[in-house]
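Have a look at the structure below before the remarks.
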């Protein structure tokens, strides 16, 4: 696939993932500590963030699109079976939240690659803890991701 086609493919999944990510992450133009103490800004971005930083709405939107595109690209590299954009979006939202490394090591990925779509998507429901603490926000987000993941 050429880079233009790859970009179009990622854009389709991004359009499904954006409402989940923006709703559950929220927008903060000033950096803050997330529930487990990680400096965060914009729509949940953590890379290189320092407390006291600020960003404009347009900077946050660009950052979100770039980081969500990277997350979906990681999903595309790791999942070896065909999937609809809805599933790619759900998994992209998950990877945006927990990182590609956690996804790469997950039972979820193993099940998806083995063709167990229902089992793989339902694994999302296990990812509701942050530093051992069950978070209601993560429970709601994972429930939304599972619904999207199971759509075909």
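Every read-out reported here was derived from the displayed coordinates using simple, explicitly stated rules and does not represent laboratory data. The model shown is predicted, which means the values in this text are computed figures rather than measured ones. With ideal geometry, Cβ positions are generated from the backbone for all residues, glycine too; neighbour counts draw on all protein chains shown.
In whole Å, largest first, what are the principal axis extents of the Cα atoms in the stretch 28-90?
43, 26, 17 Å, listed from the longest principal axis down.
In deg cm²/dmol and to the nearest 500, what is the mean residue ellipticity at 222 nm of the chain if only DSSP H runs of at least 4 residues count, each as -39500 (n - 2.57), divided by the residue total? Numbers along the way, then the final one.
Values: 7 runs with 92 residues, N = 152.
Value at 222 nm, helices only, nearest 500: -19000 deg cm²/dmol.
In nm, to one decimal, how far is the residue 98 label point from the residue 126 one, both placed 7 Å along Cα→Cβ?
0.8
Can you tell me the 0 to 90 degree angle between the C-alpha axis of helix 85-98 and the longest principal axis of the chain, rounded to 10?
Here the helix axis deviates by roughly 40 degrees.
Go through (1) 15.3, 50; (2) 14.4, 45; (3) 15.1, 46 and flag the label whose value is the computed Rg and Dmax of the Cα atoms in Å for this structure.
(3)
Give me the extension gain from residue 81 to residue 118: residue separation times 0.36 nm, minus the current Cα-Cα distance, reported in nm with one decimal.
11.9 nm
With each label point set 7 Å from Cα along the Cα-Cβ vector, what nm distance links residue 33 and residue 133?
1.0
Build a GNM of the chain with springs between Cα atoms under 10 Å: which of 104, 17, 90 gets the top mean-square fluctuation?
With Cα springs under 10 Å in the chain, the top fluctuation among 104, 17, 90 is at 104.
When a footprinting reagent is the concern and you count Cβ atoms within 10 Å, what order do 152, 45, 93 take, fewest first? If you can, show how the numbers build up before the last one.
Details: 152 8, 45 21, 93 30.
Fewest-to-most ranking of 152, 45, 93: 152, 45, 93.
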